Amino acid sequence: MGMSSAQSTAFKAASGNIDASVLHLLCIGLLLATLFLWAAWGLMDVYNGWAHTRVRNATLVRFCIRTVLLLVVSIWMFAS
């Protein structure tokens, strides 16, 4: 449900004349950037353990599958 004109005017006045859609895109962008940075950090950590034979192959595969599913579902739910 969208905001009424009075709500939109009040939001712009309180936020320093920033449109709600711009703030929405900023929040989505921050969420996705954080998720991708976390995925890159986690993948590097798991790969480092796998390369030094401290992590089994199954753990590496499970992490990759879970990370891809998390990113796909997050993009589908929040960025579509």
Problem - Residue check, Ala39 under 17 Å from the mean Cα position of the chain (by Cα), among the small types (Gly, Ala, Ser) and in a helix (DSSP H, G or I) - result: yes
Handout entry: Residue within the range 12-25 that is assigned to a helix (DSSP H, G or I), β-branched (Val, Ile, Thr) and in contact (Cβ under 8 Å) with a residue 40 or more places away in the chain present
Key = no
Problem - Residue tally, condition outside any helix (DSSP H, G or I) and either in contact with a Pro (Cβ under 6 Å, 6 or more places away or on another chain) or touching a residue at least 12 places away in the same chain (Cβ under 8 Å) (or both), over the range 62-80 - result: 1
Practice task
Look at the range 7-42 and say how many of its residues are modelled with pLDDT of 95 or more and either farther than 30 Å from Leu70 by Cβ or touching a Phe, Trp or Tyr at 6+ places or on another chain (Cβ under 7 Å) (or both).
Solution key: 3
Practice task
Give the number of residues within the range 33-80 that are of a type in the set (Gly, Ala, Ser) and under 23 Å from Leu23 (Cβ atoms).
Solution key: 4
Fill in the blank from the handout: Considering the range 26-80, residues that are surrounded by 10 or more Cβ atoms within 10 Å (Cβ to Cβ) and among the polar types (S, T, N, Q), and then whichever is nearest to Ser15 (Cα to Cα), we arrive at Thr34
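The values are calculated or read from the model by the stated rules, or taken from the named source; none is laboratory data. Nothing here was measured: the structure is a model prediction, and the numbers come from that model. Here Cβ is always computed from backbone atoms with ideal geometry, including for glycine, and neighbour counts include all displayed protein chains.
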